[in-house]
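These notes are about the structure you will find just below.
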Amino acid sequence: MKKTITIAGQAIEYSIKRYKRNKNLRLTINNRGNLVASKPWYLSEARVERFIKSQATWVMEKLADFKLHNQNNPFHSSSQEYLKYKQSAERLVLKKIAKFNQHYQFQFARISVRNQKTRWGSCSSRGNLNFNYKIIFLAPRLIDYIIVHELCHLRELNHSIRFWNLVSQKIPQCQLIRQDLQKKGIELK
């Protein structure tokens with residue numbers, strides 16, 4: 001359900017997502033440039049509105065960033081783009097997984113390349129690895145980080161110190177690369 005809030009004299013549309021597992025209130029700008037508030041199920045909508053207003057500077061900066069990057073981004077996601085690049089992305093992902101899993105020797109169930117809207121990759125509790133086809137447009141060190149990150153979730157399905165120790169075995173500067181990837185995120189959505 002869409003809602004509207006006024007920030008700095010500007011009407012901003014936002015939506016609320018409720019999650020049982022969320023412990024914190026979180027704001028994101030989705031791939032369409034819309035503000036999304038993810039909240040624990042028990043928080044009121046009034047609390048969400050107060051939180052958005054308290055983060056007004058961040059919200060306005062991120063929305064402006066999205067507009068700027070979206071105007072200058074020659075690559076816009078579509079089902080045609082996905083079909084065009086999916087096979088190349090699958091080959092790349094399989095090659096990288098084979099390379100890094102020689103070290104880790106983790107068991108996985110299935111590997112998929114998808115047209116994901118908000119993630120570069122994911123790992124399910126069933127051992128399924130999913131990757132965004134747009135991975136092929138990233139620098140090699142970012143690709144390696146994403147592959148290793150998701151592989152390590154096969155052992156540690158969290159972001160604990162044990163998880164980061166596993167990642168750093170093959171990607172020593174994983175925290176710096178993670179920051180670079182977060183900056184890159186909005187450009188390819």
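The values are calculated or read from the model by the stated rules, or taken from the named source; none is laboratory data. These numbers were taken from a predicted model, which means no experiment stands behind them. All Cβ positions, even for glycine, are placed from backbone atoms using ideal geometry, and neighbour counts span all protein chains on display.
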>> If residue 101 meets every condition in (1) over 20 Å from residue 134 (Cα atoms); (2) modelled with pLDDT of 85 or more; (3) polar (S, T, N, Q); (4) out of contact with any helix residue (DSSP H, G or I) (no Cβ under 7 Å at 6 or more places or on another chain) apart from one, which number is that one?
In response: (4)
>> For a quick check of your reading of the model, give me the residue pairs whose first member lies in region 132-161 and is assigned to a helix (DSSP H, G or I), whose second is crowded, with 19+ Cβ neighbours inside 10 Å and small (Gly, Ala, Ser), with beta-carbon atoms closer than 7 Å and at least 6 apart or on different chains.
In response: 133/89; 135/89; 136/89; 146/121; 149/121; 150/121
> Of 45, 49, 90, which residue is of a type in the set (Asp, Glu) and outside the structural domain of residue 15 (by TED's automatic domain parsing)?
Replying inline: 90
>> So, in region 5-22, how many residues would count as being loosely packed, with under 12 Cβ neighbours inside 10 Å and assigned to a loop (DSSP other than H, G, I, E, B)?
In response: 4
> Only one residue in 2, 67 is at pLDDT 85 or above and either exposed (fewer than 12 other Cβ atoms within 10 Å of the Cβ) or in the same structural domain as residue 118 (by TED's automatic domain parsing) (or both), so which one is that?
Replying inline: 2
> Got a number for residues in region 103-141 being under 23 Å from residue 35 (Cα atoms), surrounded by fewer than 19 Cβ atoms within 10 Å (Cβ to Cβ) and either among the hydrophobic types (A, V, I, L, M, F, W, C) or in contact with a Phe, Trp or Tyr (Cβ under 6 Å, 6 or more places away or on another chain) (or both)?
Replying inline: 1
